[in-house]
Structures are given as structure tokens and as C-alpha cells.
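The values are calculated or read from the model by the stated rules, or taken from the named source; none is laboratory data. What you see is a predicted model; the values in this text were computed from it and never measured. Positions of Cβ are generated from backbone atoms using ideal geometry, with glycine treated the same way; all protein chains shown enter the neighbour counts.
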Amino acid sequence: MIARSLAGPLAAVALAVAPLQCPHDTDAAHCWDDAPGDGLWDLAQRFRVNHDDAAARRTLEFLVERYPSSRYAPAAREELAGSAAGGGALPRDP
């Protein structure tokens, strides 16, 4: 019986002290967290620097296949298309 009478005031206190967050749009330029696509792009760059073009290509293909909405996916598609045409410019920062 006492618990029921305290439930309302306790809920009000809990809501009053709970942290509130304002909704806002996220700007990708201000995101500090690395996404999987970021790591895959960096890995492809490292493979390229080490002259392992096959591994760089497979990594970019995986990035495009698994994370098509990654911020690096368009650049990866471009690099893959360029290397298929004989450009061999794998990879560069977008």
C-alpha cells in the first residue's frame, strides 16, 4: 500500500533528475567514432602502401558489399571502377 502511494512521486522525481537530450541532426564531419567502413578504407590504404593490390581490392569490394551506405563506399566504388579500367589508383582519400 505504501509502495503504491510513493510510485507517483518517485516517478516524478526520477523524470525530473533524468538527463534530457535535444534532438539534432548529426553532421558526419563532426563524428569522431570510427565506423566499420572507415576501418576498411584505412585497411585498403595500408594494403596499397604495402603493394598488396589484390588485398586492397578485396577489402574495397567487401566495404562496398557489406557497408554500402558508408561514407567511403562511393569512393571505394570509384577506385574499383578505376582499377578495373587499368587506372590502378587504389586507394586515395575521398
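Against the list (1) in contact with a helix residue (DSSP H, G or I) (Cβ under 8 Å, 6 or more places away or on another chain); (2) modelled with pLDDT under 95; (3) of a type outside the set (V, I, T), the condition A84 fails is (1). Pairs are defined by a Cβ separation below 8 Å, a sequence spacing of at least 6 or placement on different chains, a first member in segment 68-84 that is under 14 Å from R58 (Cα atoms), and a second member that is in a helix (DSSP H, G or I) and of a type in the set (V, I, T); the pairs so defined are A73/V64; A76/V64; R77/V64; L80/V64. Listed by first and then second residue, the pairs with beta-carbon distance under 8 Å, at least 6 apart or on different chains, first residue in segment 40-66 and among the polar types (S, T, N, Q), second at pLDDT below 95 and buried (at least 20 other Cβ atoms within 10 Å of the Cβ), are Q45/P91.
Could you tell me whether any residue of segment 19-28 is at pLDDT 85 or above and surrounded by fewer than 11 Cβ atoms within 10 Å (Cβ to Cβ)? Checked against the condition, which is being at pLDDT 85 or above and surrounded by fewer than 11 Cβ atoms within 10 Å (Cβ to Cβ), segment 19-28 yields no hits at all.
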